[in-house]
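Just below is one structure, and these are the notes that go with it.
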Amino acid sequence: LMTRIASLVLAVAILTATTVSASAQTIKLGTLAPKGSPWYRIMVNMTDAWQNASEGDLTVRIYPGGVIGDERDMVRKMGIGQLHGAVLTIDGLAMIVPDIQVFGMPMLLRSDAEVDFVLERIGPELEKRFEDKGYKVLNWGDVGWVRLFATEQVQHPSDLREQLQRPQVGADVFIDAWRELGYQPVPLPVTEMTTALQSGMVESFFTTPVAALSFQWFGQAPHMMDLKVAKLIGATIVKLDTWERIPEDARPAIVKAARAAGRESSERVREFEAEAIAAMADYGLSVHEVSAESRDAWEAIAKKSYPAYIRGSVPEDLVAQVEKLRDEYRSQSGEH
């Protein structure tokens, strides 16, 4: 189990798609998925299917494990033509369309069903916004629920106020929002997290259980607050000019395979999440349930952060649209 889950890397657990290419051209795809991981193998399978759909008119070369840089590096390299596509989470996607950070707003959505309901309805609109910026979205994927891990137990928002935290979802806007509320977020790249935890530079962090296990961060921060803070989603994207050079008759099959892969990937992530928590618990992680009173306090502090998100990157009308869809789902499902 440990081997199975530890192969997942945060930004990767998300999705199973790959890239596409131009006619008689090699297409370069960046991903943080480590070579040999389940996600990499699925990507290879999808790539093969897409190449078959093009009848040999395109070839895809995958650059796994972040060998060409982190997500921000990938976006920059797509911008100058060194990459043609990438698998990205919110942080990378937000460099292209900041609106995507609506999914990173804390406590806005609280279940997989809500996320699926909302994304199914606003996904096409978001895809259009990516097209306006020169990118084709091939699928959406689930990376997991962000939770709070800490060196000591955290139950109430006031417990966190004196701690130094590393943000995860929508890092830049998160930092601005939480600083305004009196907290102390510390921006750090993934590569520096272990050292930061060991030195005390960071005492808590927001990330998914799969990431906490994969990077072994829970060993330094063995307390997890069992509260879903935000959903981390991602997408497989390719440059629009690359997409438009693919034979037109091959495109439907490529999209169909990509969407199916995204759904499969999301299902796997949701299964692995529970397994990751169980595995960490076996190795010393304490999982702390949140009282109703503390949950209400977290929701209140989360809502206070929304104006900073709206000022910083997320259109107010999009937030209102997501809230309306969320409430519609809760009404239909009987959830409140």
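Points worth noting:
- For the chain, the longest principal axis of the Cα atoms and the long axis of helix 316-333 meet at an angle of about 80 degrees.
- Here the simple spin-label model places points 7 Å from the Cα toward Cβ, and for Asn45 and Lys304 these points are separated by 4.8 nm.
- Residue-wise HN-Hα coupling along the range 229-235, computed from phi with Karplus coefficients 6.51, -1.76, 1.60 (Hz; x: Gly, Pro): 7, 6, 8, 9, 10, x, 7
- 0 to 90° range, to nearest 10: angle between helix 292-312 axis and the chain longest Cα axis: 50 degrees
- Radius 13 Å from Cβ of Ile62, net charge of other residues (Lys, Arg +1; Asp, Glu -1): +3
- The residue list Val229, Pro98, Ala320 was ranked by how far each Cα lies along the charge dipole of the chain toward its positive end, using unit charges on Cβ atoms, and Pro98 comes out on top.
- The chain - mean residue ellipticity at 222 nm from DSSP helices (-39,500 (n - 2.57) per run, n ≥ 4, rounded to 500): -15000 deg cm²/dmol
- Karplus 3J(HN,Hα) series, Hz, for the range 267-274 with 6.51 cos²θ - 1.76 cosθ + 1.60 (x for Gly, Pro): 4, 5, 4, 5, 5, 5, 4, 5
- Electrostatic bookkeeping for Ala250 treats Lys and Arg as +1 and Asp and Glu as -1; over the other residues with beta carbon under 13 Å from its beta carbon, the sum is -2.
- Using the Karplus relation 6.51 cos²θ - 1.76 cosθ + 1.60 with θ = phi - 60°, the per-residue 3J(HN,Hα) values for the range 132-137 come to 4, 9, x, 10, 9, 8 Hz, with x marking Gly and Pro.
- Anisotropy class of the range 99-202 from Cα gyration tensor, a/c 1.5 cut: prolate
- Farthest positive-ward along the chain dipole, Cα basis, beta-carbon charges - from Ser199, Asn45, Ser291: Asn45
- Calculated FRET efficiency, Ala274 to Lys35, Cβ-Cβ distance, R0 = 30 Å: about 0.70 to the nearest 0.05.
- Square roots of 5 times each gyration tensor eigenvalue, C-alpha, the chain, largest first, Å: 33, 22, 18
- Under-5 Å amide H pairs with Gly144, H placed in peptide plane, nonlocal only: Leu232
- Environment charge at Val173 (Cβ cut-off 13 Å; Lys +1, Arg +1, Asp -1, Glu -1): -3
- The residues Thr191, Thr89, when put in order of fewest to most other Cβ atoms within 10 Å, stand as Thr191, Thr89.
- R0 of 45 Å, Cβ-Cβ distance Ser158-Glu267: FRET efficiency to nearest 0.05: 0.75
- Test item: Cα-centred dipole of the chain, Lys/Arg +1 and Asp/Glu -1 on Cβ, debye: 720 debye
- Across Lys136/Lys303; Lys133/Lys256; Lys128/Lys228; Lys35/Lys77, pairs whose alpha-carbon gap is larger than 27 Å: Lys136/Lys303; Lys128/Lys228
The numbers here are math on the coordinates, done by the rules we state, and not lab data. No experiment lies behind these values; they were computed from the predicted model shown. Cβ coordinates were reconstructed from backbone atoms using ideal geometry, including for glycine residues, and neighbour counts include every protein chain displayed.
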